[in-house]
1. Return the FRET efficiency for the residue pair residue 223, residue 74: r is the Cβ-Cβ distance, R0 is 35 Å, and the value is rounded to the nearest 0.05.
2. How do 43, 175, 2 rank when sorted from fewest to most other Cβ atoms within 10 Å of their own Cβ?
3. Report the gain in length on full extension from residue 3 to residue 143: 0.36 nm times residue separation, minus Cα-Cα distance, nm rounded to one decimal.
4. Residues in the range 217-231, backbone N under 12 Å from the label point at residue 193 (7 Å along the Cα-to-beta-carbon vector): list them, ranges by number please.
5. Note the full-extension length gain between residue 159 and residue 53 as 0.36 nm times their separation in residues minus their Cα-Cα distance, in nm to one decimal.
6. Which of 15, 243 has the fewest other C-beta atoms within 10 Å, and how do the rest follow up to the most?
7. Assuming 0.36 nm per residue, please report the length gained on full extension of the stretch residue 243 to residue 166 beyond their Cα-Cα distance.
8. Just rank 114, 200, fewest to most, by other beta-carbon atoms within 10 angstrom.
């Protein structure tokens with residue numbers, strides 16, 4: 001791969017997908033030089049918080065794996081020195097990895113001037129050039145061209161075939177469609193309700209809207225401003241959210257799911 005400037009391609013494994021709060025568990029970087037030489041850097045990190053069970057299932061890193069690892073602030077200097085003045089590359093780095101790395105470096109006392117660098121995001125290129133619709137899925141999983149696309153019945157029939165192929169590829173034929181439940185993004189996420197108004201993090205429930213958005217959790221809001229929860233209980237929210245707010249005002253708080 002021809003490059004004119006040094007390029008660091010990196011990836012983070014983290015405790016979750018909350019850019020503002022989740023922590024780095026592992027950082028891996030590949031530094032490519034214009035002369036063709038290459039350097040690797042990989043380090044596991046103690047995030048200072050429990051790794052949720054559903055995250056461990058994805059990244060295959062447990063709390064025991066990182067209990068003796070350094071905190072990020074202990075390796076921040078070597079991370080910033082490894083990157084140097086290189087351009088940056090990765091997959092979905094602009095939306096996730098760069099903001100998380102920037103926050104962790106700032107908290108460790110280092111500035112990260114990434115906006116001055118060229119950024120190469122493979123996900124953006126992939127999404128621009130490769131279709132990700134029903135026809136593309138039908139071709140991928142069923143190896144057939146969808147000739148009756150954009151008719152309700154045709155699309156439904158194609159989706160049935162896609163499910164059958166996904167069960168064979170990812171699931172268990174004996175369990176059938178139920179074996180795909182583990183791939184439910186909503187189920188594995190930390191959202192409390194269907195409308196995504198509240199989200200679990202670190203065992204506490206945070207609003208994802210308004211002035212307390214990802215700043216104070218429910219227990220703190222009860223102490224700081226009970227009227228805010230009274231407003232939620234009487235405003236245009238789902239019954240699930242209203243009940244939760246009413247219970248919180250009585251000192252009864254929901255418990256986080258076991259898989260978080």
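Rule-based calculations on the coordinates, nothing more; no lab input. On a predicted model such as this, the values are computed, not experimentally measured, just so you know. So basically every Cβ, Gly included, is an ideal-geometry build from the backbone, and we count neighbours across all protein chains shown.
1. Numbers: r = 34 Å, r/R0 = 0.97.
Once rounded, the FRET efficiency stands at 0.55.
2. On the way: 43 17, 175 11, 2 5.
With the sparsest Cβ surroundings first, the list reads 2, 175, 43.
3. Value of the extension gain: 46.8 nm.
4. From the range 217-231, the list is 229-231.
5. Extending this stretch completely gives an extra 35.1 nm.
6. Values: 15 22, 243 13.
Sorted ascending by nearby Cβ count, the order is 243, 15.
7. Numbers: separation 77, 0.36 × 77 = 27.72 nm, distance 3.81 nm.
Gain on extension, residue 243 to residue 166, equals 23.9 nm.
8. Working: 114 17, 200 21.
In increasing order of surrounding Cβ atoms, one gets 114, 200.
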